[in-house]
């Protein structure tokens, strides 16, 4: 949708008005021995008919790698409509092939059942997390969006199935049919808090906090009695 508006309708406002703005990273510069975490948004084929909109969800697994110079890059991932057994296989193979520190799996709803299935595999590096009741608007737009816009989290420019789908969802959100790749990126980010947690200063404030403390004009003290 965004690409059509920009290429054929010459509508440059389409990019300016989109929810997510992000920066690309050259895939040729990615090294697959960098520290990696995974983020999983589970959906199995048995859940397809539960989708009220008639559009079945995808199983999505995002590979997020820490950049040596700071920040992180989405290197690739998996996006597929598959059975629960297939999904389990994707998780197992990812941990066998890549230096994954852990894989964050959403622990709400059907994800909780999937986690129990995964736990039967000895040595599986899992980090279950729950949404805490936060809706997609808060999780994706308010929590994930700023890190994408400021370049802390970048997206590989490779044309793989997962990355093409992720960029499509980023470009068209919230009008895309699915946002499963976006969800998997959100959970991957939660597994790398050293990149996405803003350090506090000595006063306990965040450096980018827009709140300004009241300060005393130093020149006023010149006229004060001591």
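The values are calculated or read from the model by the stated rules, or taken from the named source; none is laboratory data. This structure is a prediction, so every number in the text was calculated from the model and none was measured. Cβ placement follows ideal geometry from the backbone for every residue including glycine, while neighbour counts extend to all protein chains displayed.
Going through (1) over 18 Å from residue 181 (Cβ atoms); (2) buried (at least 17 other Cβ atoms within 10 Å of the Cβ); (3) free of Cβ contacts under 8 Å to residues at least 60 places away in the same chain one by one, residue 109 falls short only on (2). In the set 194, 141, only one residue is modelled with pLDDT of 90 or more and over 21 Å from residue 60 (Cβ atoms); that residue is 194.
Counting only residues that are farther than 20 Å from residue 178 by Cβ and touching a residue at least 24 places away in the same chain (Cβ under 8 Å), which one in segment 129-143 is surrounded by the most Cβ atoms within 10 Å (Cβ to Cβ)?
129
For every residue, the table says whether it meets (1) at pLDDT 95 or above; (2) under 14 Å from residue 74 (Cβ atoms); (3) part of a helix (DSSP H, G or I).
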| residue | (1), (2), (3) |
| --- | --- |
| 155 | yes, yes, no |
| 165 | yes, yes, yes |
| 171 | yes, no, yes |
| 182 | yes, yes, yes |
| 185 | yes, yes, yes |
| 188 | yes, yes, yes |
| 199 | no, no, no |
| 206 | no, no, no |
| 214 | no, no, no |
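Restricting segment 150-162 to residues that are surrounded by 23 or more Cβ atoms within 10 Å (Cβ to Cβ) and over 10 Å from the mean Cα position of the chain (by Cα), the residue that is nearest to residue 105 (Cα to Cα) is 162.
When 80, 72, 60 are screened for being within 22 Å of residue 27 (Cβ to Cβ), free of Cβ contacts under 8 Å to residues at least 24 places away in the same chain and surrounded by 14 or more Cβ atoms within 10 Å (Cβ to Cβ), only 80 passes. Checked against (1) under 17 Å from residue 40 (Cα atoms); (2) part of a helix (DSSP H, G or I); (3) touching a residue at least 40 places away in the same chain (Cβ under 8 Å); (4) under 13 Å from the mean Cα position of the chain (by Cα), residue 147 meets all criteria but (1).
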